[in-house]
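Only one structure is covered here, and it is reproduced in the block below.
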Amino acid sequence: MSNYKILVTGTGAISTTSTPLTTEVTLEAITIHVGVAANAVENLVVTVDAIDGAAYDTVLLTQAMAGVTDVALTDLGIPLYAGDALKVVWANTDGRTIGVRLCLED
């Protein structure tokens, strides 16, 4: 088994979709770190953009980021399929430095 990750980072608004996956993998963990907690009440959202179409797109995480510096979801075991992509969105109007790691295993 090999592990790899999708990284999303920035200091402004985030709206990033990964390149489509080339093989079937499992999403094992989502970790988020914000350098300084945000004041604005905004949700960070992680979604599967499913190869099978919008009817199968699934929100994996909706996290209110006001006052939050760290989030760790582990042992998720969510199957993802070739052609699926992962999307991370956060308005980040406070301009906080954020790092999001999506940990995958094949």
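Nothing in this text is a laboratory measurement; each read-out follows from the coordinates by a stated rule. Everything quoted here is computed from the prediction, not taken from an experiment. Neighbour counts are summed over all protein chains in view; Cβ atoms, including those assigned to glycine, are modelled from backbone coordinates with ideal geometry.
With the requirement that a residue be out of contact with any Pro (no Cβ under 6 Å at 6 or more places or on another chain), surrounded by fewer than 17 Cβ atoms within 10 Å (Cβ to Cβ) and in contact (Cβ under 8 Å) with a residue 60 or more places away in the chain, what does the range 50-90 give you?
Listed by number, the residues that qualify are 81, 82.
Hey, can you tell me all the residues within the range 75-106 that are aliphatic (A, V, I, L, M), part of a strand (DSSP E or B) and under 15 Å from residue 51 (Cβ atoms)?
Matches in the range 75-106: 78, 80, 85, 86.
Among the residues in the range 58-74, are any touching a Phe, Trp or Tyr at 6+ places or on another chain (Cβ under 7 Å), part of a strand (DSSP E or B) and over 17 Å from residue 4 (Cβ atoms)?
There is no residue in the range 58-74 that is touching a Phe, Trp or Tyr at 6+ places or on another chain (Cβ under 7 Å), part of a strand (DSSP E or B) and over 17 Å from residue 4 (Cβ atoms).
Looking at 26, 47, can you tell me which residue is over 12 Å from the mean Cα position of the chain (by Cα), in a strand (DSSP E or B) and surrounded by 14 or more Cβ atoms within 10 Å (Cβ to Cβ)?
Exactly one residue qualifies, and that residue is 26.
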